[in-house]
Amino acid sequence: MLPRVGTVDDPLRLAVLISGGGSGLAALLTHQEVAARLHRTVLVVADGDAGGLEHGRGLGIPSKTISLPNVSDKVEQRLAHEALVLAELEAAEIECVVLSGYMRILTPSFVKRWKGRLVNIHPSLLPKYPGAHAHRDALADGAKVSGCTVHLVNEGVDSGYILAAEEVPVLDGDSEEDLQERVKKVEQILYPEVLDQLAAGAFSV
Ligand code: GRF
């Protein structure tokens, strides 16, 4: 089930999940600030003390760390963590969850609960180079073109229905950082555009 179609008067309520610096979150918040949109970020959640939380706090958006509970069993720990995240999402009446540099793999039960309303951006042209080292893998492969992909999250890793993708050239001598920065610039335009379309009901999956 795809998200409700938002309106300017009743924009789709987004939660953005991050793990790092949140440059993607910052770009989305700017996009939402500069013009009336059909979506707005009403909650930011990080799985640790992520620097990106400041982007939400600076705009008065509830921005919180939900750390992994101190549970020895890894499966139990993941489930307990997701239960805490889910409680926050429900309390904030979230309608769509946006993963933006969120480095945790979500369990099938979480994905099932949010399927169709759970979006991710990955810094490669999926299905190429899934996983946590896309730029390293693309460079090691000698790729001349990489890019970024926005997709609905399913039970696999970086394998859900693709909503949009954009190519980014790989230049001779690129380091991982060079490629990451070039891709991030494209991500920061593509992701807000796709969220505009998603909130407008432009996709029929
Ligand atoms: C982005 O390139 C995203 O595609 C990847 O991790 C990076 C997160 O960067 N999953 P930031 O935290 O948004 O700056």
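Values quoted throughout were computed directly from the atomic coordinates according to the rules given, and no laboratory measurement underlies them. Worth saying up front: this structure is predicted, and the values here are computed from it rather than measured. Here the Cβ positions follow ideal geometry from the backbone for every residue, glycine too, while neighbour counts run over all protein chains shown.
Overview of values
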read-out	value
Karplus (6.51, -1.76, 1.60) ³J(HN,Hα), θ = phi - 60°, over region 162-179, in Hz, Gly and Pro reported as x	7, 8, 6, 8, 9, 7, 9, x, 9, 9, 3, x, 4, 8, 4, 5, 4, 5
Residues listed by number, region 157-201, amide nitrogen under 18 Å from residue 36 label point at 7 Å toward C-beta	196-197, 199-201
Unsatisfied cross-links (Cα-Cα over 28 Å) in the set 112/185; 64/144; 74/184; 115/184; 64/128; 115/144	112/185; 64/144; 74/184; 64/128; 115/144
Computed label-point distance, nm, for sites residue 66 and residue 202 using a 7 Å Cα→Cβ extension	2.9 nm
Test item: Cα-centred dipole of the chain, Lys/Arg +1 and Asp/Glu -1 on Cβ, debye	460 debye
Helix-only CD estimate at 222 nm, as mean residue ellipticity for the chain, using -39500 (n - 2.57) per DSSP H run (n ≥ 4)	-11000 deg cm²/dmol
From phi via Karplus (6.51, -1.76, 1.60), per-residue ³J(HN,Hα) for region 34-50 in Hz, x at Gly/Pro	7, 7, 5, 10, 8, 9, 8, 7, 10, 7, 10, 10, 10, 8, x, 7, 6
Kirkwood estimate for the chain, i.e. one over the average of 1/r between Cα atoms, Å	17.3 Å
Protection proxy ranking, peptides 112-124, 32-44, 166-178, average beta carbon neighbours within 10 Å, highest first	112-124, 32-44, 166-178
Between region 91-138 and region 48-69, the alpha-carbon center distance in angstrom	18 Å
Interchain or long-range residues, amide H under 5 Å from residue 163's placed H	150, 151, 152
For region 118-179, the spread of Cα positions along each principal axis, largest first, Å	35, 18, 16
Length-normalised contact order of region 65-205 in % [C-alpha pairs under 8 Å, at least 6 apart]	18 percent
Projected area, mean over directions - region 1-93, Cα convex hull, nm²	6.8 nm²
Calculated FRET efficiency for the pair residue 73/residue 185, C-beta based, R₀ 35 Å, to 0.05	0.30
DSSP bridge pairs, the chain: antiparallel proportion in percent, nearest 5	40 percent
